[in-house]
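Data first, discussion second: the structure below is written as structure tokens.
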Amino acid sequence: MLYEQIQSNKRRTIVLLVGFLILIGIVGAAVGYMLLNSLTTGIVGALIIGAIYTVIMISNSTNVVMAMNHGKEITQADQAPELWHTVEDMAMVGQLPMPRVFIIDDASPNAFATGNSPKNAAVAATTGLIAIMDRHELEGVIGHEMSHVRNYDIRISTIALALTAAITLLTNLGSNWWFFGSGNRNRDNRDNNSSGGGLQILLFVFSIAVMVLAPLVAAMIQMAISRNREYLADAGSVELTRNPEELISALRKLGSAKPMQNVDPSSAALYISNPLKKKAHLFDTHPPIEERIARLEKM
């Protein structure tokens, strides 16, 4: 059951990322038609913009993420012995380099991992998490975060965020250019130079629909990727600790916790549990705690 779930989640993530690339190509085609009367040019331009955004996002350092979340780095075991040794143990079991360790001064229990590869990874835990978790529960949480590191989940989330930003840029560019005049000139050129009136109308309607719906679809795919990786990291934690009860117990405590006080909203998807504690809806970055526990209980 454990390895089947891991493989299933990996396949779903690949499908979602492919869907993201197809979506950005469709958006590029729509914007290219609206601006330049060229589907091909729009697709190529969109893929280039997506690649540029991805490189920029990936190059952001761990220090920036930790600064946004008020994380303070500890550099030796005696500063937080239980947390340090738990991270060290889970890194050893997962055959990963020892990540940098940070503590966030917040009474709400939570944790996250960041970094674009295992070589430059970092793990952060709140003071609330350290206070209420016993050693076994802490192992379950840190095992979850080290699974994110091992699975390159942070890089995947970064790519998804970059592609979402690129899609937003493209749709805004297409909409603004069209409605403020340049699009009208291109439309007149098409009306004058093309005999395929029906096809032109169809492409125009298609382009408008894409620019309206694409940001919503992109957000849905991004959230689906985040939720899917949470399930995968839960399964990975069990693989590292060999005991699903550790994470189950920790998730129960996380589910009853209060919201964090100074969390950065754009980082909410990184945490093991939604730090904003909003009610569940279509765009949640985290699966329901109850569903995560139910899956773990089947292992």
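Every number here is computed from the coordinates shown, using simple stated rules; none is lab data. The shown structure was predicted, so the numbers you read here are calculated from the model rather than taken from an experiment. Note that we place each Cβ from the backbone using ideal geometry, even for glycine, and neighbour counts take in every protein chain shown.
Quarter the surface of the alpha carbon convex hull of the stretch 24-96 and you get the mean projected area, 7.8 square nanometres. Dipole of the chain computed with +1 at Lys/Arg Cβ and -1 at Asp/Glu Cβ about the Cα centre; of L83, Y53, H136, farthest Cα towards the positive end is Y53.
Between the listed residues S157, I201, I104, the Cα displaced farthest toward the positive end of the dipole of the chain, a dipole computed from Cβ unit charges relative to the Cα centre, is found at I201.
The charge dipole of the stretch 1-159, taken about its Cα centre with unit charges on the Cβ of Lys, Arg, Asp and Glu (plus for the first two, minus for the last two), comes to roughly 840 debye.
The magnitude of the dipole of the chain, with charges of +1 and -1 set on the Cβ of Lys/Arg and Asp/Glu and taken from the Cα centre, is near 960 debye.
List every DSSP H helix in the chain whose Cα atoms extend 15 Å or more along the helix's own long axis and whose mean Kyte-Doolittle hydropathy is at least 1.0. Walk me through the intermediate numbers first.
Values: long enough: 2-36 (50 Å, 1.19); 39-58 (28 Å, 2.19); 81-93 (18 Å, 0.07); 135-150 (21 Å, -0.76); 153-179 (39 Å, 0.94); 182-193 (17 Å, -3.27); 197-241 (64 Å, 1.16); 244-255 (16 Å, -0.04).
Sorted by number, the helices that extend far enough and score high enough are 2-36, 39-58, 197-241.
Separation of the stretch 199-244 from the stretch 54-95 is 27 Å, based on Cα centroids.
Name the trypsin sites (Lys or Arg not before Pro) in the stretch 199-276 that are in a loop by DSSP and that have at most 14 other C-beta atoms within 10 Å, would you? Please report the intermediate quantities before stating the final value.
Details: sites: R227, R229, R242, R252, K253; in loops: R242.
When the trypsin sites (Lys or Arg not before Pro) of the stretch 199-276 are filtered for loop state and at most 14 Cβ neighbours within 10 Å, R242 remain.
Secondary structure note: in the chain, about 65% of the DSSP beta bridges are antiparallel.
Take the chain, mark every one of the chymotrypsin sites (Phe, Trp or Tyr not before Pro) that falls in a DSSP loop and has at most 15 other Cβ within 10 Å, then report the longest stretch left between them, sites excluded. With chymotrypsin sites (Phe, Trp or Tyr not before Pro) excluded where exposed in loops, the chain gives 1-179 as its longest stretch.
Classified by the C-alpha gyration tensor, the chain has a prolate form. Its axis ratio a/c, with a ≥ b ≥ c, is 1.5 or above, and a/b is larger than b/c.
Please work out whether the stretch 1-144 counts as rounded, prolate or oblate from its C-alpha gyration tensor, where a ≥ b ≥ c are the square roots of the eigenvalues and a/c under 1.5 means rounded, while otherwise a/b larger than b/c means prolate and anything else oblate? Present the calculation step by step, with values, prior to reporting the outcome.
Values: a/c = 3.08, a/b = 2.11, b/c = 1.46.
Prolate, since a/c reaches 1.5 and a/b exceeds b/c.
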